[in-house]
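Data first, discussion second: the structure below is written as structure tokens.
Nothing in this text is a laboratory measurement; each read-out follows from the coordinates by a stated rule. All of these numbers come straight from a predicted model, not from anything done at the bench. All Cβ positions, even for glycine, are placed from backbone atoms using ideal geometry, and neighbour counts span all protein chains on display.
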Amino acid sequence: GAVVSQHPSRVICKSGTSVKIECRSLDFQATTMFWYRQFPKQSLMLMATSNEGSKATYEQGVEKDKFLINHASLTLSTLTVTSAHPEDSSFYICSARDPWMDTEAFFGQGTRLTVV
Amino acid sequence: AQSVTQLDSQVPVFEEAPVELRCNYSSSVSVYLFWYVQYPNQGLQLLLKYLSGSTLVKGINGFEAEFNKSQTSFHLRKPSVHISDTAEYFCAVSEGNAGNMLTFGGGTRLMVKP
């Protein structure tokens, strides 16, 4: 199956700093990528849909100025958590859509963000 | 809009016993259905998926699920569980395209006891 690599897998940052998370499709071109967030002991919630070359579409309640998404190429989308606060601590996971093998979503390994 | 309900937040079961994890969905269009497993501090692993065709779907690790359109259900089953099956299980649906955004259920924690 298609491979999606997410980096870093874990990050600890100080409150007020920004953190960038990368999501790469390694062996296919992903026209669309999705970013999800999972709080402890909860389910995954879609944050935003990222389309290559255009602005991301954010779900209701997700602050677009806080969670900056860039999808500048067909193999890379980035999520930047700006001015992070402890309540942003969560598990962030991306998925990518392969339009030529559209049989499932391909997930990255996830990023555990801890803001101290 | 689609939604997914996993009726049981926790399911305790003894090793080698059968188990069923329930999932119901609602959608106004045709859907694609998935079950994922998440082990502690790890990402998601796809167990199985229903795209079309046979309503009984077999997945990895001895799991299977049956798509029931009339009951809008996609329950996950395993005839004999192992300690290593202890994990969080998520049912998910997508609309339009199988690789599209997913709506997840709340998750079911399967706890296998010796």
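Points to keep in mind about this one:
- Screening A:Ile12, A:Ile93 for residues that are within 23 Å of B:Asn41 (Cα to Cα) and buried (at least 21 other Cβ atoms within 10 Å of the Cβ) leaves exactly one candidate, A:Ile93.
- Members of the range B:46-78 that are free of Cβ contacts under 8 Å to residues at least 12 places away in the same chain and either in contact with a strand residue (DSSP E or B) (Cβ under 9 Å, 6 or more places away or on another chain) or in a strand (DSSP E or B) (or both): B:Ser52, B:Ser54, B:Leu56, B:Val57, B:Lys58, B:Glu66
- Residues located in the range B:75-90, provided they are within 14 Å of B:Arg109 (Cα to Cα) and polar (S, T, N, Q): B:Ser84, B:Thr86
- Screening the range A:32-89 for strands (runs of 3 or more DSSP E) wholly inside it with 1 or more residues that are surrounded by fewer than 16 Cβ atoms within 10 Å (Cβ to Cβ) and of a type in the set (Gly, Ala, Ser) returns the ranges A:67-73.
- For A:Gln38: the one exception among (1) more than 14 Å from every other protein chain (Cβ to nearest Cβ); (2) under 16 Å from B:Phe90 (Cβ atoms): (1)
- Pick from the range B:79-104, criterion part of a loop (DSSP other than H, G, I, E, B) and more than 21 Å from B:Val19 (Cβ to Cβ), ranking: farthest from the other protein chains (Cβ to nearest Cβ): B:Gly96
- Residue that is hydrophobic (A, V, I, L, M, F, W, C), in contact with an Asp or Glu (Cβ under 8 Å, 6 or more places away or on another chain) and either crowded, with 17+ Cβ neighbours inside 10 Å or within 14 Å of chain A (Cβ to nearest Cβ) (or both), where the choices are B:Leu56, B:Leu76, B:Leu51: B:Leu76
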